[in-house]
Amino acid sequence: MACVLEAPLRMSVLSEVTASSRHYVDRLFDPDPQKVLQGVIDMKNAVIGNNKQKANLIVLGAVPRLLYLLQQEASSTELKTECAVVLGSLAMGTENNVKSLLDCHIIPALLQGLLSPDLKFIEACLRCLRTIFTSPVTPEELLYTDATVIPHLMALLSRSRYTQEYICQIFSHCCKLRHWHSCGFKSSPQPLLCANGPDHQTVLFNHGAVQNIAHLLTSPSYKVQMQALKCFAVLAFENPQVSMTLVNVMGDGELLPQIFVKMLQRDKPIEMQLTSAKCLTYMCRAGAIHTDDTCIILKTLPCLARMCSKERLLEERVDGAETLAYLIEADIELQRIASITDHLIAMLADYFKYPSSVSAITDIKRLDHDLKHAHELRQAAFKLYAALGANDEDIRKKIIETENMMDRIVNGLSESSIKVRLAAVRCLHSLSRSVQQLRTSFQDHAVWKPLMKVLQNAPDEILVVASSTLCNLLLEFSPSKEPILESGAIDLLCSLTQSDNLALRVNGVWALMNMAFQAEQKIKADILRGLSTEQLFQLLSDSDVNVLMKTLGLLRNLLSTRPHIDQIISTHGKQIMQAVTLILEGEHNVEVKEQTLCILANIADGTTAKELIMTNDDILQKIKYYMSHSNAKLQLAAMFCVSNLIWNEEEGSQDRQDKLRDIGIVDILHKLSQSSDPNLCDKAKTALQQYLA
């Protein structure tokens, strides 16, 4: 099978290639095994550090021949080993090289090589596999296609420190998650993977990865320790089963968490401190270690905060901030502790000034690298600010008062990097939970403008967070509500309610619900027009209870204040009553039915809208049924309907009272006036007084 580079070479170039490299490939076909071996050794020396030579040899078909020699029983072990070394060297070139090797089915050949009794050959195969599996172009699934591979790798762990290092490295690169949580952000490096069958963590765990790798943490080799540590980080991430196991496993007479804590100490290499902090973070988030455990509060959190200092390298600062964000994301106490650790809030402001014109970086290569990756620092800072400000008003205030913070967020919303945009929106969302900030900083910086821009044609993951933020900006006390309305938000939100993405449907309806609260008639009419009756019905029959609840909340807000109630019922009354009937008859929870009865109570408060209920015997029977329900919330909501229908001072009240008495409502009110529930009792007595007045 021929292996070719993806980019075709021009003929003139190819003739040069052929002249300079052809003899290396020709020697692989020599009938004398000794000359073949020498040819492979010479090829090895020619390709080390020479990407052009690697590409030439691949084009000339060296790979299929090397793989043939590697798999031939007649080949000496020395020849097979040298072939594996050359293939590993070719794999260290460009991503195209790796693709060419994969096209030639290198992985099954190398895995087969692991069955050899010769340790040097096994190590060479593992080194090559490690190089290939750590390349982003290699599908991790290739490690799992043959069920015998993982147990065999576990068995090889005991052979040498090289097998330990390479196998742990292969595991940590080939252990990907199958799912991503829809809410909150994940700061770990594992990308999304959707696969059938058990996920990678489970496969490795079931084959004894934890027990087989635990003792490697105390290996005399630093490289082995590090690869074992990285393995535990990817195994524990979002995995309660692995994390709970790690807490109780011993490694060289000590529990693993104690070993991790020792590796956090300041005298250890930074890479080791960071990775062990990740292990403890992931175990904590998976519920295996309590958030108030001293190893989290006094060791892990301070270690991660240390990593955010400007003395650290760019990637260390990024990793430290993202892992710390993940650690504190769901715990208000950890957020408070982090906010007063090492002046963290001020320290993060430096993430936006990097590299500065007077940067201390003298290494030109490092400066070039950091300029290309400076956006990662901004992304990490936004994530950590978002986590810090998730719950506490004082922390939000401190964040917003950090120099130029709002300007930085506004700039972040329009950055070219999608990850920075997403992190900036998350940060804005976190800060938008503050009533005070919505009224001040958000208004001063007209944050709604760039936010509305972000909502145009953004990918779903940004849309979800941006629309959540918009929900907060549309609350009635937010000064941004008015300009957002004027900028065409209704159409945008109505379109979100039709999304296949559940979170977007919820947010679309939620924002419309906030928009409709105490709104003027024109806005309510625009919402109804934008949604259409058909879409309103779709939402009321949505299988998700959150969508249903927010839609009912929207209806309730639309049907408030009498002129609005009468106006909407005159145009949409029939459809609304139909929906109410369906929900009250359906299998819904108490909250849904309570909200639906509250909508009926609002309709009953209208002047002409009342008649829609009074002329609908089915609905009247349902109100009567819920007055005698076993749930007090539903009884109370049903009584609100009755009170609004029989209120004395309103025209036609006598006829309505008579009709309700005829169907037995007054008898139920008498019963409820004796209720042990004070709310029900008071409401029933108040209603009965309307009959006596």
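The table that follows gives values for the structure above.
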| quantity | calculated |
| --- | --- |
| Cα extents of the chain along the three principal axes, largest first (Å) | 116, 62, 53 |
| Rounded tilt (10° steps) of 502-516 against the dominant C-alpha axis of the chain | 40 degrees |
| The range 581-692 - convex hull of the alpha-carbon atoms, volume per residue in Å³ | 89 Å³ |
| Binned Cα-Cα distance frequencies in the range 94-179 - 10 Å width, integer % | 17, 55, 26, 2 |
| Counting all C-alpha pairs of the range 213-296, share separated by more than 21 Å (%) | 18 percent |
| Gain upon complete extension [Asn457, Asp350; 0.36 nm per residue less C-alpha separation] | 35.4 nm |
| Listed pairs Lys268/Lys299; Lys449/Lys524; Lys176/Lys278; Lys268/Lys397; Lys383/Lys524; Lys223/Lys383 exceeding 25 Å between Cα atoms | Lys268/Lys397; Lys383/Lys524; Lys223/Lys383 |
| Efficiency of FRET from Cβ geometry, Leu485 and Lys659, R₀ 30 Å, rounded to 0.05 | 0.10 |
| Cβ charges +1 (Lys, Arg) and -1 (Asp, Glu), total dipole of the range 581-692, debye | 300 debye |
| Ratio of the Cα radius of gyration of the range 198-245 to 2.2 N^0.38 Å, where N counts its residues | 1.12 |
| Rounded, prolate or oblate (a/c below 1.5 giving rounded, otherwise prolate when a/b exceeds b/c) for the range 391-458 by Cα gyration tensor | prolate |
| Crossing angle, helix 632-646 versus the chain [Cα axis fit, 0-90 degrees, rounded to tens] | 40 degrees |
| Span per principal axis, largest first, for the Cα atoms of the range 311-427 (Å) | 42, 29, 23 |
| Highest-first arrangement of 308-321, 77-90, where packing means the average Cβ count within 10 Å | 77-90, 308-321 |
| Those residues of the range 94-112 whose amide nitrogen sits under 17 Å from the label point placed on Asn50, 7 Å along Cα→Cβ | 94 |
| Listed peptides 294-307, 275-288 by packing density, highest first (mean Cβ within 10 Å) | 275-288, 294-307 |
| Partners for Lys671 among lysines (Cα-Cα distance below 19 Å; same-chain residues under 8 apart left out) | Lys622, Lys624, Lys633, Lys659, Lys683, Lys685 |
| Proximal aspartates and glutamates relative to Lys54, as straight alpha-carbon distance under 20 Å, when same-chain residues fewer than 8 apart are discounted | Glu6, Glu16, Asp26, Asp42, Glu82, Glu95, Asp103 |
| Leading residue at positive end of dipole, the chain (Cβ point charges), from Gln112, Ile395, Leu473 | Gln112 |
| Listed residues Cys598, Cys641 arranged by accessible area, highest first, probe 1.4 Å | Cys598, Cys641 |
| Relative contact order [Cα under 8 Å, 6+ residues apart], the range 428-582, whole percent | 18 percent |
| The range 598-638 shape via C-alpha gyration tensor axes, a/c threshold 1.5 | oblate |
| For the chain, size of Cβ-based charge dipole, Lys and Arg +1, Asp and Glu -1, in debye | 1280 debye |
| Ellipticity estimate at 222 nm from DSSP helix runs (n ≥ 4, -39,500 (n - 2.57)) divided over the chain, nearest 500 | -20500 deg cm²/dmol |
| Relative contact order (%) - criterion: Cα under 8 Å, at least six apart; region: the chain | 5 percent |
| Computed lengthening from Val247 to Lys671, 0.36 nm per intervening residue step minus Cα-Cα distance | 146.8 nm |
| Cα-based helix-to-principal-axis angle, 33-47 vs the chain, degrees rounded to 10 | 50 degrees |
| Relative contact order of the range 262-358, pairs being alpha-carbon contacts under 8 Å that are 6 or more residues apart, as % | 24 percent |
| Label-point separation in nm, Glu315 to Glu415, each point 7 Å along Cα→Cβ | 1.9 nm |
| FRET E, pair Ser630, Asn404, Förster distance 60 Å, beta-carbon r, rounded to 0.05 | 0.55 |
| Equivalent-ellipsoid semi-axes of the range 229-381, from the Cα gyration tensor, Å, largest first | 29, 17, 13 |
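The values are calculated or read from the model by the stated rules, or taken from the named source; none is laboratory data. Remember, it's a predicted structure, so these values are computed and weren't measured experimentally. As a convention, Cβ positions derive from the backbone with ideal geometry for all residues, glycine included, and neighbour counts pool all protein chains shown. Each accessible area value is taken on the protein alone, full model and side chains, heavy atoms only, with ligands, DNA and RNA left out. Shrake-Rupley method; radii C 1.70, N 1.55, O 1.52, S 1.80 Å.
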